[in-house]
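The values are calculated or read from the model by the stated rules, or taken from the named source; none is laboratory data. Treat the numbers as computed from the prediction; the structure is a model and nothing was measured. Cβ: placed from backbone, ideal geometry, glycine included. Neighbour counts: every protein chain shown. Ligands, DNA and RNA are stripped out before the accessible areas are found, and what is left, the full protein with its side chains, is counted by its heavy atoms. Shrake-Rupley method; radii C 1.70, N 1.55, O 1.52, S 1.80 Å.
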Amino acid sequence: MTESEPGPPAEPELDLAAVGIGPFNLALAALADEVPELRFAAFDRRPRYDWHPGLMFDWASLQVGFLADLVTLIRPTSRWSFLNYLVEHDRMYPFYIAERFHVPRREYADYCAWAAARLSGCHFGTDVTAVDWDATTERWLLTLRDTATGAVTTRRARHLVMGVGTEPVLPEPLRRLAGERVFHSGEYLHRVDALADAGTRSVTVVGSGQSGAEVFLDLLRRQRDAGWSINWLTRSWGFAPLDYSKLVLEYTTPAYMRYFHALPPETRDRLVTSQWQLYKGIDSETIDLIHQELYDHLLDGDRPPVTLLPATAVRGAEADEDGGLRLTTWHADTEREAVHRTEAVIASTGYAARRPDCLAPVEKLILWDARGRYDVSAEHRVATAPEVTGGLFVQNAELHTHGAAAPDLGIGAYRSALILNAVAGRDVFRIPRNTAFQTFGPGAPPAG
């Protein structure tokens, strides 16, 4: 290019940039599409939208109703609703007759992929390698790398939303052995055939949330062909269900979220721990399917053994000389130690929020709480140094400040609407106020 030739046109400045395109930032993109004057873009390093592929069982259902889609609880008339997805795929009448409130998980994933492929604000194959704050222009500066070509560009944005999700957690005793025979349940469907092909004779599942239950059930269903024995361990008191009773579900509403945020941090941390059955248990349908499969196992009489061990924590793990694994466990009730031998371990031990590497340049401009977590306002804005005038928002990184609703799909449209209203400086979306029958906190008793 000669000096007289113009260079490529500069990318326009954004009003709002989003890092990561999971369900929550996808909801943000869908609602932002209804605000034509808003310059919005979301970036994700993956080549396309793909939601939990390692746990995408054909038979699994979504744990929330289909109304918890990308937009409906805020804007039910949006063209990005699940019902419109059904119309465009000519499935509305079959869906109506099926009377299914909880849709197949793979259908929800396909719905999200449908929206992600059509929303012009979603840019896949684009890795946000660094985020900085430009004090001169008072803008966020994003460094972007095209994952296909390696080309590096920059974009400026007035506001920023981090929606990078959570990352799999392996307990310390298992972390050192991670590999082909010890892995997180998030990789299960990518790894299970290799275990069977290798002639694995014993498999142990650690953890009793929904993913642990689904992995255990799938291993049971494969047992006749694979011939493996199965152990299922949980440190919890039992293989307990999610509490989906109606008044308990109100603890995942905006009303409770606002109440929870106003509590002292130490109280919030205590409540998150005590309310684990709101988001860490097993749905009753899966429990029933497991029990049916165990009963069939009993009738068969000739299958390898299956062992379920509640109140049992893994305290140590090491490889055997014969290629197996030796787990040292601790039983909470009897306070006794035991050794269990197995050939493979699938750790359904959850996910945790992570501090994105791209924020390293601005870490000192972000205000963290005493435990190194984001200090998040009720409107999901992260506290920053005074010189940072642009908003920094988070999605699903505020369990500690907003409670059990933070990871719930039913809060996605609501949270996105709050963020977009803040960015626009006006109420672009009507925010629902009447979301629970209960009065959380010391409400006044009725008169008379």
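Picking from Thr329, Thr334, which residue would you name as being of a type in the set (Val, Ile, Thr), in a loop (DSSP other than H, G, I, E, B) and modelled with pLDDT of 95 or more?
From the options Thr329, Thr334, the qualifying one is Thr334.
Mind checking which residues of the stretch 66-121 are in contact (Cβ under 8 Å) with a residue 60 or more places away in the chain, open to solvent by 60 Å² or more (accessible area, probe 1.4 Å) and closer than 25 Å to Arg46 by Cα?
Ala117, Ser120
To keep it simple, each residue is scored yes or no on (1) among the β-branched types (Val, Ile, Thr); (2) surrounded by fewer than 20 Cβ atoms within 10 Å (Cβ to Cβ); (3) in a helix (DSSP H, G or I).
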{"position": "Leu177", "(1), (2), (3)": "no, yes, no"}
{"position": "His190", "(1), (2), (3)": "no, yes, yes"}
{"position": "Ser208", "(1), (2), (3)": "no, no, no"}
{"position": "Gly212", "(1), (2), (3)": "no, no, yes"}
{"position": "Asp225", "(1), (2), (3)": "no, yes, yes"}
{"position": "Gly238", "(1), (2), (3)": "no, yes, no"}
{"position": "Asp243", "(1), (2), (3)": "no, yes, no"}
{"position": "Leu249", "(1), (2), (3)": "no, yes, yes"}
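Applying the selection to the stretch 354-395, what residues are among the hydroxyl-bearing types (Ser, Thr, Tyr) and either farther than 20 Å from Ala417 by Cβ or under 20 Å from the mean Cα position of the chain (by Cα) (or both)?
Listed by number, the residues that qualify are Tyr374, Thr384, Thr389.
For residues in the stretch 273-299 being polar (S, T, N, Q) and free of Cβ contacts under 8 Å to residues at least 12 places away in the same chain, which is surrounded by the most Cβ atoms within 10 Å (Cβ to Cβ)?
Filtering first and then ranking leaves Gln292.
Being at pLDDT 95 or above, touching a helix residue (DSSP H, G or I) at 6+ places or on another chain (Cβ under 9 Å) and open to solvent by 40 Å² or more (accessible area, probe 1.4 Å) is the requirement here; does Asp427 meet it?
yes
For the list (1) open to solvent by less than 10 Å² (accessible area, probe 1.4 Å); (2) outside the structural domain of Val161 (by the TED database), I need the number of the one condition that Ala404 fails.
Just one mismatch for Ala404, condition (2).
Tell me yes or no: at least one residue of the stretch 94-112 is touching a Ser or Thr at 6+ places or on another chain (Cβ under 6 Å) and within 30 Å of Arg158 (Cβ to Cβ).
No.
Take the conditions at negative phi, in a helix (DSSP H, G or I), under 21 Å from the mean Cα position of the chain (by Cα) and not hydrophobic (A, V, I, L, M, F, W, C) and apply them to Tyr256. Does it pass?
yes
Only one of Glu343, Glu318 is open to solvent by 60 Å² or more (accessible area, probe 1.4 Å) and over 18 Å from Ser185 (Cα atoms). Can you tell me which?
Step by step, each of Glu343, Glu318 is checked, and only Glu318 is open to solvent by 60 Å² or more (accessible area, probe 1.4 Å) and over 18 Å from Ser185 (Cα atoms).
Of all residues in the stretch 346-366, count the ones that are small (Gly, Ala, Ser), in contact with a helix residue (DSSP H, G or I) (Cβ under 8 Å, 6 or more places away or on another chain) and either open to solvent by 40 Å² or more (accessible area, probe 1.4 Å) or farther than 25 Å from Tyr188 by Cβ (or both).
1
Quick one: in the stretch 260-272, which of the residues that are part of a helix (DSSP H, G or I) and under 22 Å from Ala436 (Cα atoms) is least open to solvent (accessible area, probe 1.4 Å)?
Filtering the stretch 260-272 for residues that are part of a helix (DSSP H, G or I) and under 22 Å from Ala436 (Cα atoms), the one least open to solvent (accessible area, probe 1.4 Å) comes out as Phe260.
Can you spot a residue in the stretch 117-124 that is assigned to a helix (DSSP H, G or I) and of a type outside the set (S, T, N, Q)?
Checked the stretch 117-124: at least one residue is assigned to a helix (DSSP H, G or I) and of a type outside the set (S, T, N, Q).
Counting just the residues of the stretch 162-172 that are buried (at least 20 other Cβ atoms within 10 Å of the Cβ) and of a type outside the set (Gly, Ala, Ser), which one comes out nearest to Pro305 (Cα to Cα)?
Here the answer is Val164.
Here are some residues: Ala413, Ala370, Ala378, Ala397. Which one is surrounded by 22 or more Cβ atoms within 10 Å (Cβ to Cβ), touching a residue at least 24 places away in the same chain (Cβ under 8 Å) and in a loop (DSSP other than H, G, I, E, B)?
Matching residue, one of Ala413, Ala370, Ala378, Ala397: Ala397.
Of the residues that sit in the stretch 122-149 and are farther than 14 Å from Ala17 by Cα and among the small types (Gly, Ala, Ser), which one is least open to solvent (accessible area, probe 1.4 Å)?
Gly125
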